[in-house]
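Below is one structure, written out as structure tokens; the observations come after it.
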């Protein structure tokens, strides 16, 4: 009886501590991502409060009596699940939350004392061991939470664990990215000698696999943390090639078209950013005689996140760039204001350049900057490539330099890439969703997947009359004004097999191709204002005993809704 009371009281207290910790997490998130510059002192206080509650919950569920009670039928699995959860979260608090917050405080202090226009690189170099430990702890925590058997636990506890799991995975991915950046960014910003990075500003109003057409480019010259914005150019001013650039396979050109290898505008048509970065650097070198050491791509949505850290920026035109208006200003309003495409390109380039000037001048809030970069990276809106093989190898382990999908353990991965075929800027009005279902298997246990890709045209009904020909395309490429035509390529994991495609239950013709070891189903859609279209595809996967699926998608202006159902075999 005493043991039951002991466990009951301590279990009640542990749950109370976790509930209080949840409130602390909300306060911490509000401080970091609530807009504007975060209060570092308040963040540190919230982090300490959070860790205190997590540590208390951990100690309450770790005593010998609790462990002994885990053998009791029914109650035992619940006690074990709660103990494993609190132990995992306690480790994360000690080895992740506090070190990361302390690092942010250190970076803020270093930035405040740095020379104007110089980013302090040594604190990033010094942070490598701490960030590696934090990333490893978060990754281990995600794996431990995934391993908890919730089939025998009560509903509320199982639901709570299910809610924590994706948060831990997101934190793990973000910390892995931060750890890699701490190893790569100092050298890319000239810690070991001058470097030149090529900034690519992608325009999601005209989609390409990596996010959007390349609208403008700029040199970022860095030496010892001192950053200067060099030559800028609209992508349309870069000379095209008579033949596709070297290094592109016949398969790539077959899937994405020869124009993707001939025009700087289309360098982002390839899903692997290593290809986009290399192509862009070669185009730039051919045009201006300067070979960049790497490339960094951002889209206007990513710029909106960065503006949370820098605050508003005023352009020479008098326009104020803010986090809440930059996307509409660059991807919609500019086309109504300027009829000359050259003026539109110039405005786009100037706006992006001013954001980078603001970042280079220093003063951006470190916590808000980390939040902005993490969010942009997770959504595929920040991408990086380095011409230095060792640096590129590190980047390719993160979301910053995505490779083609491949299976990982018990997870089957897919990718869906969108390329505009309207020849205009109508993708401002395009939305999409992707649903992946695995409900059956082949006779030898390989999973069979149904992938539904839905696209929706949210343009106004009178788009043909109210939008300019530059936005609608004016019918130049055979698309009636107001309609949106999109080429979509669905990639399976290496070794998977594409089976068939249907629309409304009827066979749907498309191009089936191979890109290396990846089967690709490529098809086109064309929809009018207010219309939607769904194409269903069937793939045979590669993972026996699959437990999860992942889907990488081209970042549209608005997030693509992705739903996944894995039933197992």
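The values are calculated or read from the model by the stated rules, or taken from the named source; none is laboratory data. The model shown is predicted, which means the values in this text are computed figures rather than measured ones. Neighbour counts are summed over all protein chains in view; Cβ atoms, including those assigned to glycine, are modelled from backbone coordinates with ideal geometry.
Being more than 26 Å from the chain's Cα centre (by Cα) and under 29 Å from residue 302 (Cβ atoms) narrows it down to one residue among 483, 544, 558, 552; which is it? Reasoning before the result, please.
Values: 544 fails: under 29 Å from residue 302 (Cβ atoms); 558 fails: more than 26 Å from the chain's Cα centre (by Cα); 552 fails: more than 26 Å from the chain's Cα centre (by Cα).
Every option except 483 fails the conditions.
Quick check on this structure: which one of 402, 460, 447 is under 30 Å from residue 544 (Cα atoms) and in contact with a helix residue (DSSP H, G or I) (Cβ under 8 Å, 6 or more places away or on another chain)?
Values: 460 fails: under 30 Å from residue 544 (Cα atoms); 447 fails: in contact with a helix residue (DSSP H, G or I) (Cβ under 8 Å, 6 or more places away or on another chain).
It is 402.
In the set 82, 89, which member is surrounded by 19 or more Cβ atoms within 10 Å (Cβ to Cβ), assigned by TED's automatic domain parsing to the domain that holds residue 166, closer than 15 Å to residue 151 by Cα and touching a residue at least 12 places away in the same chain (Cβ under 8 Å)? Even if it seems obvious, please write down each step before you answer.
On the way: 89 fails: closer than 15 Å to residue 151 by Cα.
Criteria check complete, one pass: 82.
So if I check each of 411, 403, 442, 398, which one is out of contact with any strand residue (DSSP E or B) (no Cβ under 9 Å at 6 or more places or on another chain) and under 26 Å from residue 519 (Cβ atoms)? Even if it seems obvious, please write down each step before you answer.
On the way: 411 fails: out of contact with any strand residue (DSSP E or B) (no Cβ under 9 Å at 6 or more places or on another chain); 442 fails: out of contact with any strand residue (DSSP E or B) (no Cβ under 9 Å at 6 or more places or on another chain); 398 fails: out of contact with any strand residue (DSSP E or B) (no Cβ under 9 Å at 6 or more places or on another chain).
The match here is 403.
Considering each residue of region 377-400, count those that are over 13 Å from the mean Cα position of the chain (by Cα), crowded, with 20+ Cβ neighbours inside 10 Å and within 15 Å of residue 179 (Cβ to Cβ), and give that number.
Count: 2.
Would you call residue 253 more than 22 Å from the chain's Cα centre (by Cα), within 20 Å of residue 402 (Cα to Cα) and assigned to a loop (DSSP other than H, G, I, E, B)?
On the way: more than 22 Å from the chain's Cα centre (by Cα): yes; within 20 Å of residue 402 (Cα to Cα): yes; assigned to a loop (DSSP other than H, G, I, E, B): no.
Against the criterion (more than 22 Å from the chain's Cα centre (by Cα), within 20 Å of residue 402 (Cα to Cα) and assigned to a loop (DSSP other than H, G, I, E, B)), residue 253 does not qualify.
For residues that are free of Cβ contacts under 8 Å to residues at least 12 places away in the same chain and part of a helix (DSSP H, G or I), tally how many sit in region 334-354. Steps first, please.
Start the filter on region 334-354 by keeping residues that are free of Cβ contacts under 8 Å to residues at least 12 places away in the same chain, which leaves 337-338, 340, 343.
Among the residues that remain, those that are also part of a helix (DSSP H, G or I) are: 337, 343.
Total meeting the criteria: 2.
Filter region 281-314 down to the residues that are touching a strand residue (DSSP E or B) at 6+ places or on another chain (Cβ under 9 Å), under 23 Å from residue 373 (Cβ atoms) and in a loop (DSSP other than H, G, I, E, B) and list them by number.
Result: 292, 293, 299, 312.
Quick one: is residue 548 out of contact with any strand residue (DSSP E or B) (no Cβ under 8 Å at 6 or more places or on another chain) and not assigned by TED's automatic domain parsing to the domain that holds residue 251?
Details: out of contact with any strand residue (DSSP E or B) (no Cβ under 8 Å at 6 or more places or on another chain): no; not assigned by TED's automatic domain parsing to the domain that holds residue 251: yes.
Spelling it out, it is not the case that residue 548 is out of contact with any strand residue (DSSP E or B) (no Cβ under 8 Å at 6 or more places or on another chain) and not assigned by TED's automatic domain parsing to the domain that holds residue 251.
Would you say residue 211 is without any contact (Cβ under 8 Å) to a residue 12 or more places away in the chain and not assigned by TED's automatic domain parsing to the domain that holds residue 524? Talk me through it step by step, then tell me what you get.
Details: without any contact (Cβ under 8 Å) to a residue 12 or more places away in the chain: no; not assigned by TED's automatic domain parsing to the domain that holds residue 524: yes.
For residue 211, the condition - without any contact (Cβ under 8 Å) to a residue 12 or more places away in the chain and not assigned by TED's automatic domain parsing to the domain that holds residue 524 - is not met.
Have a look at 383, 357, 278 and point out the one that is in contact (Cβ under 8 Å) with a residue 24 or more places away in the chain and assigned to a strand (DSSP E or B). Spell out the reasoning first.
Working: 357 fails: assigned to a strand (DSSP E or B); 278 fails: assigned to a strand (DSSP E or B).
Only one candidate passes the filter, namely 383.
For the condition touching a residue at least 24 places away in the same chain (Cβ under 8 Å), farther than 27 Å from residue 331 by Cβ, out of contact with any strand residue (DSSP E or B) (no Cβ under 6 Å at 6 or more places or on another chain) and not assigned by TED's automatic domain parsing to the domain that holds residue 181, what is the one hit in 436, 388?
Details: 436 fails: out of contact with any strand residue (DSSP E or B) (no Cβ under 6 Å at 6 or more places or on another chain).
Every option except 388 fails the conditions.
Let's see how each residue does on (1) at pLDDT 80 or above; (2) closer than 30 Å to residue 361 by Cα; (3) not in a helix (DSSP H, G or I):
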{"residue": "58", "(1), (2), (3)": "yes, no, no"}
{"residue": "76", "(1), (2), (3)": "yes, no, no"}
{"residue": "81", "(1), (2), (3)": "yes, no, no"}
{"residue": "88", "(1), (2), (3)": "yes, no, no"}
{"residue": "95", "(1), (2), (3)": "yes, no, no"}
{"residue": "100", "(1), (2), (3)": "no, yes, no"}
{"residue": "109", "(1), (2), (3)": "no, yes, no"}
{"residue": "132", "(1), (2), (3)": "yes, yes, no"}
{"residue": "163", "(1), (2), (3)": "no, no, no"}
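Would you confirm whether or not region 197-216 contains a residue that is over 30 Å from residue 332 (Cβ atoms) and either at pLDDT 95 or above or surrounded by fewer than 24 Cβ atoms within 10 Å (Cβ to Cβ) (or both)?
In the first step, residues of region 197-216 are kept if they are over 30 Å from residue 332 (Cβ atoms); the result is none.
Within region 197-216, none of the residues are over 30 Å from residue 332 (Cβ atoms) and either at pLDDT 95 or above or surrounded by fewer than 24 Cβ atoms within 10 Å (Cβ to Cβ) (or both).
Report, by residue number, each residue of region 33-56 that is buried (at least 22 other Cβ atoms within 10 Å of the Cβ) and at pLDDT below 75.
38
What are the residues in region 250-275 that are touching a residue at least 60 places away in the same chain (Cβ under 8 Å), surrounded by fewer than 24 Cβ atoms within 10 Å (Cβ to Cβ) and in contact with a strand residue (DSSP E or B) (Cβ under 9 Å, 6 or more places away or on another chain), if any?
Listed by number, the residues that qualify are 251, 252, 254, 274.
I'm checking my understanding of the structure. Among residues of region 60-74 that are in contact with a helix residue (DSSP H, G or I) (Cβ under 6 Å, 6 or more places away or on another chain) and part of a loop (DSSP other than H, G, I, E, B), which one is nearest to residue 15 (Cα to Cα)?
This residue is 61.
Give the number of residues within region 401-434 that are farther than 30 Å from residue 478 by Cα, part of a strand (DSSP E or B) and over 19 Å from the mean Cα position of the chain (by Cα). Steps first, please.
Here is the first cut: in region 401-434, the ones farther than 30 Å from residue 478 by Cα are 401-414.
Narrowing the set further to residues that are part of a strand (DSSP E or B) leaves 408, 411-414.
Filter once more, keeping what is over 19 Å from the mean Cα position of the chain (by Cα): none.
The number of residues fulfilling the criteria is 0.
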